[in-house]
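Read through the structure below, which is laid out as structure tokens, and then see the notes.
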Amino acid sequence: MKDKSTKPWGGRFTEATDEFVEQFSASVGFDQRMYRQDILASRAHARMLARIGVLDEQDCDKLLQALDTVTEEIESGSFPWNSALEDVHMNIESRLVELAGEAGKRLHTGRSRNDQVATDVRLYLRAAIDEIDPQLEKLQRAVITLAEQEVDTIMPGFTHLQVAQAITFGHHMLAWFEMIHRDRVRLAQCRENVNISPLGAAALAGSSFALDREFVAQQLQFTGLCENSLDAVSDRDFAIEFCAFAAILFVHLSRIAEELVLWTSPQFNFVELPDRFCTGSSIMPQKKNPDVPELVRGKSARVYANLFALLTLMKSQPLAYNKDNQEDKEPLFDSIDTVNDCIVAFADMLPHLQVNRSRLLAAAQQGYATATDLADYLVRKKIPFRDAHESVGKIVQYAITQSKRLDELSVQELQEFSPHVQKDVFGILSVQGSVGSKNTRGGTSPEQVAEQIKRAHQRLKAFKAG
């Protein structure tokens, strides 16, 4: 049985930790990815201890040098990770004691693993957010580029997956842009809530040392302090908030993915993905499978599960810190990794999307997409909308029996259902006329799509500046 003295906290115990419990409770296998943040926070804490006179300058210098050595060892792969030391914090602390002697033992003065881990997770998540946001911007720019290329490309717009009205492909792309923009706003709000410092809360009650929490927060570029020590060590709202952002993001990414899966099928044939983003079948030689969109759609399941895991983890926990909270990291880390991977995949793939314009136009001409325009035409002739709606419904039924599009019907045929129809009706019965008439702000006319693109560029610029 292992010697109890190998644990930094072993003084109170009379026997060593059971070997199974040691493995069961260890988190170093997954939390070692936070080593940079742990070292960064330890450097700030050491400087603060020297600032308030708990450490002398010589010990502080020893610690900073030892932390540099630990960084080099971890990044070179030579660091001796030990699951018996439970987590990233105690592994690094143990090595510091070996390197810096008594100075290494002094570093934990005025702090607990409770505020230490809360700080590390916040620093790690902040860094992750700062990597994810530029990828989201890259994805937005890829979508805008598609919109610019297809400003006047006509396609069917759907409700209930049935042809509803004609729109432009550029207009559809800008709907994707709006979804992603809201996601970026949520992510920015999450970063604000992440970026406050719990360090100095110690175990739960604060510290009897005159810690300079403001100095540490400034060193770590936090914008504020957690105001209550109990809450500081037990709060995981920021992790839940990120996972909520991720879940909503994947609502959007999965909707985009589903449309790409549909659109690349032979039944739609609206777009084609580059071969390098697809795979084939082991048995069917003709297959070109849209695996990237399908995987993004599928990964939404794990992201939703991670959010639910954190909500359930924190439900009913009494204040302050509990060992339960060790379980916060794997769902959070997995959501971070999944979000980043899927955004990168989409941002790299979308600029190479090939749009089948002729097929989109033909699809828009099916399904009587200009029926609403005909009803609006009759309303402008002073017909009440409900009466116009009924008349157009009968016209559509007639056109179906004749196997004709609405713009293929003669004026005489149309007048059988409404005498108010004149030759000018053909200006709105074509899909081109229908699209061009939707000229309200945010509408699908090429003119409005061009304005939306202009505003989208302005919003991206303002978002980055803000």
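What the table shows:
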quantity: Ratio of the Cα radius of gyration of the range 187-312 to 2.2 N^0.38 Å, where N counts its residues; calculated: 1.65
quantity: Cα pair distances of the range 187-261 binned at 5 Å [whole percent]; calculated: 3, 15, 18, 18, 13, 9, 7, 6, 5, 3, 2, 1, 0
quantity: Two-site label geometry, Ile283 and Val251: point separation in nm, points 7 Å out along Cα→Cβ; calculated: 3.8 nm
quantity: Label point distance in nm, Val379-Gln65, each placed 7 Å from Cα along Cα→Cβ; calculated: 8.0 nm
quantity: The range 109-203 - Debye-derived log10 I(q)/I(0), Cα point model, q = 0.16, 0.18, 0.26 Å⁻¹; calculated: -0.76, -0.85, -1.17
quantity: Neighbour cut-off at most 13 other Cβ (10 Å), DSSP loop, trypsin sites (Lys or Arg not before Pro), the range 410-459; calculated: Arg441
quantity: Cα-based shape type of the range 272-387, given that a ≥ b ≥ c are square roots of the gyration tensor eigenvalues and the cut on a/c is 1.5; calculated: oblate
quantity: Surface accessible to a 1.4 Å probe, His420 within the full protein complex, Å²; calculated: 80 Å²
quantity: Lys394 accessible area, assembled protein chains, probe 1.4 Å, Å²; calculated: 110 Å²
quantity: Surface accessible to a 1.4 Å probe, Val392 within the full protein complex, Å²; calculated: 10 Å²
quantity: Isotropic mean projected area of the C-alpha convex hull, the range 225-268 (nm²); calculated: 3.7 nm²
quantity: Apportionment of accessible area to carbon and sulfur, the range 124-275, percent (1.4 Å); calculated: 49 percent
quantity: Mean residue ellipticity (222 nm) of the chain, computed from DSSP H runs ≥ 4 via -39,500 (n - 2.57), nearest 500; calculated: -20000 deg cm²/dmol
quantity: Net lengthening on full extension, Gln23/His457 (0.36 nm per residue, minus Cα-Cα); calculated: 151.0 nm
quantity: Beta bridges by DSSP in the chain, antiparallel share as percent, to the nearest 5; calculated: 80 percent
quantity: Selection of GluC sites (Glu not before Pro), the range 136-235, meeting DSSP coil and at most 10 other Cβ within 10 Å; calculated: Glu227
quantity: For the chain, the longest site-free run once chymotrypsin sites (Phe, Trp or Tyr not before Pro) in DSSP loop states with at most 11 other Cβ atoms within 10 Å are removed; calculated: 14-466
quantity: Environment charge at Gln366 (Cβ cut-off 14 Å; Lys +1, Arg +1, Asp -1, Glu -1); calculated: +1
quantity: For Thr279, distant residues with modelled amide H under 5 Å away; calculated: Asn289, Asp291
quantity: Size-normalised alpha-carbon gyration radius of the range 347-466, reference 2.2 N^0.38 Å; calculated: 1.37
quantity: Against the rule of thumb 2.2 N^0.38 Å, how large the Cα Rg of the range 395-451 comes out; calculated: 1.35
quantity: For the range 416-429, Karplus couplings with θ = phi - 60° (6.51, -1.76, 1.60), whole Hz, Gly/Pro x; calculated: 4, 9, 7, x, 7, 6, 10, 4, 5, 4, 6, x, 10, 7
quantity: J(HN,Hα) series, the range 445-459, from Karplus relation 6.51 cos²θ - 1.76 cosθ + 1.60, nearest Hz, glycine and proline x; calculated: 4, x, 4, 6, 4, 4, 5, 4, 4, 4, 5, 4, 4, 5, 5
quantity: Inter-probe distance in nm under a simple model that places probes 7 Å from Cα toward Cβ, at Glu413 and Lys394; calculated: 1.7 nm
quantity: Charge tally in the Cβ shell below 14 Å around Ile92, where Lys, Arg are +1 and Asp, Glu are -1, Ile92 excluded; calculated: -4
quantity: Environment charge of Glu272, counting only residues whose C-beta is closer than 11 Å and scoring Lys/Arg +1, Asp/Glu -1; calculated: +1
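The values are calculated or read from the model by the stated rules, or taken from the named source; none is laboratory data. Please read these numbers as outputs of a predicted model, since none were measured by experiment. Quick reminder, even Gly has a Cβ in these numbers, built from the backbone with ideal geometry, and neighbours come from all protein chains shown. To get the accessible areas, we keep the full protein, side chains included, count just its heavy atoms, and leave off ligands, DNA and RNA. Shrake-Rupley method; radii C 1.70, N 1.55, O 1.52, S 1.80 Å.
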